[in-house]
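S.K.: Below is a structure I'd like to ask you about.
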Amino acid sequence: MAAVKPLKDIAIIGYAQARNERQAQATEVQFLFPVINEALEMSKIPRRELGFTCAGSCDYLSGQTFAFVMNLEAVGAWPPISESHVEMDGAWALYEAWVRLQHEDIETALVFGSGKSSPGKPAEIYPLQMDPYTLTPLGIDPVSMAAIQARALLDAGKVTERQMAEIAARSRRDAMKNPHAQVTGEFDVDELLAQPYVNAPLRTHDLPPISDGATAVILATAEKARQVCERPAWIRGLDHRIEAHQPGMRDLTVSTSTKLAGQAAGVGDAPIEVAELSATFSHQEPVLKEALGLGDDVAINPSGGPLAGNPVMAVGLARIAEAAKQIVEGGHTRTVGHATSGMCLQQNLVCVLEGD
Amino acid sequence: MTDTTTSTDPNEPVTMMEYFMSLAYSDIVSAPVMRFRDALMDGRLIAQQCPKCKLVYVPPKGYCPIDTIELDERNEIQLADAGTVTNYTVVTPVQYYGQKETEPFVRASILLDPPGGMLILQDILDTPIDEVRPGMRVKAVWAKKGKRNVDEIGNRSGSALEGSLLGFKPTGEPDTPAESFSDKVW
């Protein structure tokens, strides 16, 4: 058997996010501009020296054909650059760039995710990502599917409605310190529980807001990172796994793909201090905590997480950026960022970050 | 043509199904395009000019993608409403749903006089198709004040300005030599 070549150390040396807004007046390219500029400035990498650019976005969100090509206007693509795009959250663009950097012929990469959800109606758009024969015609939308998942968790005794309200209240309280957050404030759990259901058993606080936003991250090889960055956030493990598309074929009370990705990324190899999880609905947080084997000593979503701002296509990359921030600015040594795609945690990506 | 895909026999397996869908989007107009709309109502064309490469963006979009510089009101300039046809296409209309044209018509690219700016897909009014040519001098024809509307102008409408700028008319001036615009043919 051929020896497996060890993976190269790649670091996050810059990051930036747009303020999450319910409806941005700026176009997607306009609000990407300062985000990419800020990430580049932090990394100290001149734009023209970038070896690779990879973006994550979805044209269906804003309803504009080739919106993903237009987004390159915020990158600076003349003279031509080496770039790629994934129709996925920017976290998967980060994965592609990380693989690209393993080739060792380039030193840096710009990764970004962006989305403008405000022009469309998510409940109309999301069914179109499902199997077109049995699921799309049913009009299955993420909130209805999440409600089915929450009901399964409640029935299994794995979560209570009070715990869900506590998660929402904690997230939005923590988000008061996050300048990018959209929904913030002090909420009383009893008052939250007195609110009517949106889709039983989910109340408004269990749902993420609809957000316009963007995240950018700069990656560098070990040598380059040490040259330009005082405290890089090293990517120690990165893995993503996917489960069956048909929700009826999965046990929605667990996240097997998160568990496998977490194991492959080495989450359990040493203690984790902070985890930024794409728990888009309140009840998904305990599912992800269990899948990653995170105890109550791990700080979950100190940024407020997706319940405080959910810029689809950027929100997963934002979790990785926040996990990196905990190392670069927060002085922590081992954090994890998580991204998800599809309904009810169908596909999951786990990124373990470490400081020196 | 024989339809081989449908069967009325309830015992036959389903081989095809129809699913009709529509998606509605409502976009909010960005600040630079909002100012562009206001100027059109006033019978003026505005653009943004990059301070570095000097390229002129019409409609303004808030940035220069070449130099990755954000642009704002301070970079806005007033454009001329006369220029030169640099290229054109004759469109032979197919009667698809919503097509109002029945006869072949011209859509031309127009390089506006200094400080510049390029408008694409413009109508050349009151001119036989075979007279339209690159180099032809033209002037904007505006809808009368009070009759203008910019309802169709948004972030994605580009150079489609029909509600306010109806099109361009030949001025009869001598043609502009091709060498002067050969690097700006769209």
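The values are calculated or read from the model by the stated rules, or taken from the named source; none is laboratory data. Worth saying up front: this structure is predicted, and the values here are computed from it rather than measured. Here the Cβ positions follow ideal geometry from the backbone for every residue, glycine too, while neighbour counts run over all protein chains shown.
S.K.: So, A:Ala181, is that one under 20 Å from the mean Cα position of the chain (by Cα), away from chain B (no Cβ under 14 Å), among the small types (Gly, Ala, Ser) and in a loop (DSSP other than H, G, I, E, B) or not?
M.R.: Numbers: under 20 Å from the mean Cα position of the chain (by Cα): yes; away from chain B (no Cβ under 14 Å): yes; among the small types (Gly, Ala, Ser): yes; in a loop (DSSP other than H, G, I, E, B): yes.
Yes.
S.K.: Sort out which residues of region A:91-100 are small (Gly, Ala, Ser) and under 11 Å from A:Leu110 (Cβ atoms), and write them in order of number.
M.R.: Of the residues in region A:91-100, the ones small (Gly, Ala, Ser) are A:91, A:93, A:97.
If the condition is that a residue be small (Gly, Ala, Ser) and under 11 Å from A:Leu110 (Cβ atoms), then A:Ala93, A:Ala97 are the ones that fit.
S.K.: Anything in region A:310-343 that is farther than 23 Å from A:Ala264 by Cα and under 11 Å from the mean Cα position of the chain (by Cα)? List them, or say none.
M.R.: A:Asn310, A:Pro311, A:Val312, A:Met313, A:Ala314
S.K.: Here is a further query. May I ask you to list the residues in region B:68-81 that are of a type outside the set (Val, Ile, Thr) and part of a strand (DSSP E or B)? Outline the logic, then answer.
M.R.: Taking region B:68-81 and keeping what is of a type outside the set (Val, Ile, Thr), we get B:70-76, B:78-81.
The answer is B:Glu70, B:Glu76, B:Gln78.
S.K.: Could we say that A:Val29 is at the interface with another protein chain (Cβ under 8 Å from one of its Cβ atoms) and either in contact with a helix residue (DSSP H, G or I) (Cβ under 7 Å, 6 or more places away or on another chain) or modelled with pLDDT of 95 or more (or both) here?
M.R.: Numbers: at the interface with another protein chain (Cβ under 8 Å from one of its Cβ atoms): yes; either in contact with a helix residue (DSSP H, G or I) (Cβ under 7 Å, 6 or more places away or on another chain) or modelled with pLDDT of 95 or more (or both): yes.
The answer is yes for A:Val29.
S.K.: Turning to a different aspect of this structure: Just checking, does region A:50-67 include any residue being touching a Cys at 6+ places or on another chain (Cβ under 9 Å) and more than 30 Å from A:Lys121 (Cβ to Cβ)? Outline the logic, then answer.
M.R.: Taking region A:50-67 as the starting set, the residues that turn out to be touching a Cys at 6+ places or on another chain (Cβ under 9 Å) are A:67.
Add one more test, that the residue is more than 30 Å from A:Lys121 (Cβ to Cβ), and what stays is none.
Checking region A:50-67: not a single residue is touching a Cys at 6+ places or on another chain (Cβ under 9 Å) and more than 30 Å from A:Lys121 (Cβ to Cβ).
S.K.: How about region A:136-172: which of its residues are among the charged types (D, E, K, R) and modelled with pLDDT of 95 or more?
M.R.: Just the residues of region A:136-172 that are among the charged types (D, E, K, R), to begin with: A:141, A:151, A:155, A:158, A:161-162, A:166, A:170, A:172.
Listed by number, the residues that qualify are A:Arg151, A:Asp155, A:Lys158, A:Glu161, A:Arg162, A:Glu166, A:Arg170, A:Arg172.
S.K.: Take the residues in region B:43-88 that are more than 27 Å from A:Pro80 (Cβ to Cβ) and β-branched (Val, Ile, Thr); name whichever of them is nearest to the other protein chains (Cβ to nearest Cβ). Let's see the steps before the verdict.
M.R.: From region B:43-88, those more than 27 Å from A:Pro80 (Cβ to Cβ) are B:43-46, B:72-74, B:76-85, B:88; that's our starting set.
Adding the requirement that they be β-branched (Val, Ile, Thr) leaves B:46, B:77, B:84-85.
On the way: B:Ile46: 17, B:Ile77: 19, B:Thr84: 25, B:Val85: 26 Å.
Applying the filter and picking the extreme gives B:Ile46.
Matching residues to (1) touching a residue at least 24 places away in the same chain (Cβ under 8 Å); (2) more than 14 Å from A:Asn199 (Cβ to Cβ); (3) surrounded by fewer than 19 Cβ atoms within 10 Å (Cβ to Cβ):
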residue	(1), (2), (3)
A:Gly113	yes, yes, no
A:Pro132	no, yes, yes
A:Leu138	no, yes, yes
A:Arg151	yes, no, yes
A:Leu154	yes, no, yes
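S.K.: Something else about it: Quick check on my filter: what residues within region A:125-148 are more than 7 Å from chain B (Cβ to nearest Cβ) and within 20 Å of the chain's Cα centre (by Cα)?
M.R.: Passing the criteria: A:Tyr126, A:Gln129, A:Asp141, A:Pro142, A:Val143, A:Met145, A:Ala146.
S.K.: I've got another one for you. Out of B:Gln78, B:Gln122, B:Gln99, report the one residue that is within 24 Å of A:Gln64 (Cα to Cα) and modelled with pLDDT of 95 or more. Break it down into steps so the answer makes sense when it comes.
M.R.: Working: B:Gln78 fails: within 24 Å of A:Gln64 (Cα to Cα); B:Gln99 fails: modelled with pLDDT of 95 or more.
Criteria check complete, one pass: B:Gln122.
S.K.: Take region A:241-279 and flag every residue that is hydroxyl-bearing (Ser, Thr, Tyr) and surrounded by 23 or more Cβ atoms within 10 Å (Cβ to Cβ).
M.R.: Residues satisfying the conditions are A:Ser255, A:Ser257, A:Thr258, A:Ser278.
S.K.: Assuming A:Ile36 fulfils every condition listed in (1) under 30 Å from A:Arg334 (Cβ atoms); (2) touching a residue at least 40 places away in the same chain (Cβ under 8 Å); (3) more than 10 Å from chain B (Cβ to nearest Cβ); (4) not basic (Lys, Arg) apart from one, which condition is it?
M.R.: (3)
S.K.: Out of the residues in region B:89-98 that are more than 17 Å from the chain's Cα centre (by Cα) and touching a residue at least 12 places away in the same chain (Cβ under 8 Å), which is farthest from the other protein chains (Cβ to nearest Cβ)?
M.R.: B:Thr92
S.K.: Of all residues in region B:34-70, how many are hydrophobic (A, V, I, L, M, F, W, C), buried (at least 22 other Cβ atoms within 10 Å of the Cβ) and under 24 Å from A:Asp212 (Cβ atoms)?
M.R.: The number of residues fulfilling the criteria is 2.
S.K.: Considering only strands (runs of 3 or more DSSP E) fully contained in region A:51-124, which possess at least 2 residues that are within 14 Å of chain B (Cβ to nearest Cβ) and not hydroxyl-bearing (Ser, Thr, Tyr)?
M.R.: Details: elements: A:52-56, A:83-86, A:108-116.
Hits in region A:51-124: A:108-116.
S.K.: Follow-up. Can you tell me which condition A:Arg172 does not meet? The list is (1) surrounded by 18 or more Cβ atoms within 10 Å (Cβ to Cβ); (2) assigned to a loop (DSSP other than H, G, I, E, B), and all the others hold.
M.R.: Tallying (1) surrounded by 18 or more Cβ atoms within 10 Å (Cβ to Cβ); (2) assigned to a loop (DSSP other than H, G, I, E, B), A:Arg172 fails exactly one: (2).
S.K.: Using beta carbons and a limit of 8 Å, which pairs, at least six apart or on different chains, have the first residue in region A:76-97 and at pLDDT 95 or above and the second one crowded, with 16+ Cβ neighbours inside 10 Å and acidic (Asp, Glu)?
M.R.: Pairs found: A:Ser84/A:Glu96; A:Val86/A:Glu96.
S.K.: Related question: Take the residues in region B:23-42 that are touching a helix residue (DSSP H, G or I) at 6+ places or on another chain (Cβ under 9 Å) and not small (Gly, Ala, Ser); name whichever of them is farthest from the other protein chains (Cβ to nearest Cβ).
M.R.: Of the residues in region B:23-42, the ones touching a helix residue (DSSP H, G or I) at 6+ places or on another chain (Cβ under 9 Å) are B:23-25, B:27, B:29-32, B:35.
Restricting the remaining residues to those that are not small (Gly, Ala, Ser) gives B:23, B:25, B:27, B:29, B:32, B:35.
Working: B:Leu23: 6, B:Tyr25: 4, B:Asp27: 5, B:Val29: 8, B:Pro32: 9, B:Arg35: 12 Å.
By that ranking, first place goes to B:Arg35.
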